[in-house]
Amino acid sequence: MIRDTEIARRIRNGDAGQFESLFRSSYVSLVRYARTMIKDHDTAEEIVQDLFFRLWQDKENLKIESSLNGYLFRSVHNRCLHFIEHNRVIARHAEEISYNQSENQESPSDILNYKELQEKIARIIEKLPERCGKIFTMSRFEGLKYNEIAEKLSVSVKTVEANMGKALKEFRKELTQ
């Protein structure tokens, strides 16, 4: 039986057969695990497929410090949490829109522009690296200060600042196009 470090080394070196073997042996159990958190089979499959896609895409940087199985399950767990949080943010914004619409009776074009902007913001957040998007969401949508975010995520304030800088740069780039 091949050790996890050897499997990771082979994948890092571009061994597609080893990667496919890992995919085939882990896929069903990872989807099953994701379904326990997400409750939607199609979304659970998308999360696992995206994990493997990004794993292969960034294979040169693959670093396994524990077991490979533990790494995969932790990655799925984090992606599910990110998905759940993202959906909460969207739901919260939908409620705000609904409330604001009843309060202000905005014109249909204002509502359409606002919805388009929200969709664009959601797409930009999805493009950001996972931690970067999480930090941006915590800062801008949850109103947390950098030191509060750093404490919750067990990272330094400098890391939070750097990720916010990346996120804001991406927003400026995407919103000025």
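Values in this text are rule-based calculations from the coordinates and carry no lab data. The structure displayed is predicted, hence computed values, not measured ones. Here the Cβ positions follow ideal geometry from the backbone for every residue, glycine too, while neighbour counts run over all protein chains shown.
Each listed q (0.15, 0.21, 0.22, 0.24 Å⁻¹) maps to a log10 I(q)/I(0) for region 1-105, found by the Debye formula over equal Cα scatterers with no solvent: -0.66, -1.06, -1.13, -1.26. Footprinting exposure proxy ranking of THR36, THR159, fewest other C-beta atoms within 10 angstrom first, gives THR36, THR159. Say the cut-off is 32 Å between C-alpha atoms; which of LYS39/LYS134; LYS120/LYS145; LYS115/LYS166; LYS39/LYS158; LYS115/LYS145 go over it? Long pairs (Cα-Cα over 32 Å): LYS39/LYS158. Checking (1) 14.1, 44; (2) 19.3, 66; (3) 15.8, 50 against Rg and Dmax of the Cα atoms in Å calculated from these atoms, the matching label is (2). Ranked for footprinting exposure by Cβ neighbours inside 10 Å, fewest first, HIS82, HIS41, HIS77 give HIS41, HIS77, HIS82. To the nearest 20 debye, what is the magnitude of the charge dipole of the chain about its Cα centre, counting +1 on the Cβ of each Lys and Arg and -1 on the Cβ of each Asp and Glu? Value, rounded to 20: 700 debye. Relative to the longest principal axis of the Cα atoms of the chain, the long axis of helix 16-38 makes an angle of roughly 50 degrees. Note on GLU85, GLU20: ascending count of other Cβ atoms within 10 Å places them as GLU20, GLU85, the fewest first. If we count every other residue with Cβ under 13 angstrom of GLU126's Cβ, Lys/Arg +1 and Asp/Glu -1, where does the sum land? My count for the surroundings of GLU126 gives -1. Between 0 and 90 degrees, the angle of helix 108-127 with respect to the longest Cα principal axis of the chain falls at about 20 degrees.
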